[in-house]
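Peer 1: Handing you a structure now.
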Amino acid sequence: MIAPIVEELAAENSGALKVAKINIDDSPNTAASFGVSSIPTLMIFKNGEVVDRFVGVQPKKRLQDAIDQTKE
C-alpha cells in the first residue's frame, strides 16, 4: 500500500533526496539497529541521522511535509 506513495514522492523530489528500501527479512540486523518492529516503517534521515519516523501507512501529504522540513 505504501510503495506507490513512496515511488511518487521519490519521483516528485528527484535530485533533492535519495529513497532506499530495505527488506527486513534479508537485513534483520539493520532493522534491529534502527529499532524497526513493525512494517511499514519509514524513516527520514538528514546528515546520517534519523530526523523523523513513521510507522504504518501515512498520507502522502504528511510524508511530503516531513520531507520539506528536512530541506530547510
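The values are calculated or read from the model by the stated rules, or taken from the named source; none is laboratory data. Everything numeric here is computed off the predicted structure, so don't read it as measured data. A quick note on method: Cβ atoms are made from the backbone with ideal geometry, for glycine too, and the neighbour counts reach across all protein chains shown. All accessible areas refer to the heavy atoms of the entire protein, side chains included, with ligands and DNA or RNA removed. Shrake-Rupley method; radii C 1.70, N 1.55, O 1.52, S 1.80 Å.
Peer 1: Please find, among ALA16, ALA20, the residue that is open to solvent by less than 80 Å² (accessible area, probe 1.4 Å), of a type outside the set (Asp, Glu) and out of contact with any strand residue (DSSP E or B) (no Cβ under 6 Å at 6 or more places or on another chain). It would help to see each step written out before you state the result.
Peer 2: Numbers: ALA20 fails: open to solvent by less than 80 Å² (accessible area, probe 1.4 Å).
After applying the criteria, what remains is ALA16.
Peer 1: Return the only residue of ILE39, ILE67 being of a type in the set (A, V, I, L, M), surrounded by 11 or more Cβ atoms within 10 Å (Cβ to Cβ) and touching a residue at least 24 places away in the same chain (Cβ under 8 Å).
Peer 2: ILE67
Peer 1: Can you say whether LYS46 is among the charged types (D, E, K, R) and in contact with a helix residue (DSSP H, G or I) (Cβ under 6 Å, 6 or more places away or on another chain), as far as the supplied structure shows? Spell out the reasoning first.
Peer 2: Details: among the charged types (D, E, K, R): yes; in contact with a helix residue (DSSP H, G or I) (Cβ under 6 Å, 6 or more places away or on another chain): yes.
Considered against the rule, which asks whether it is among the charged types (D, E, K, R) and in contact with a helix residue (DSSP H, G or I) (Cβ under 6 Å, 6 or more places away or on another chain), LYS46 comes out as yes.
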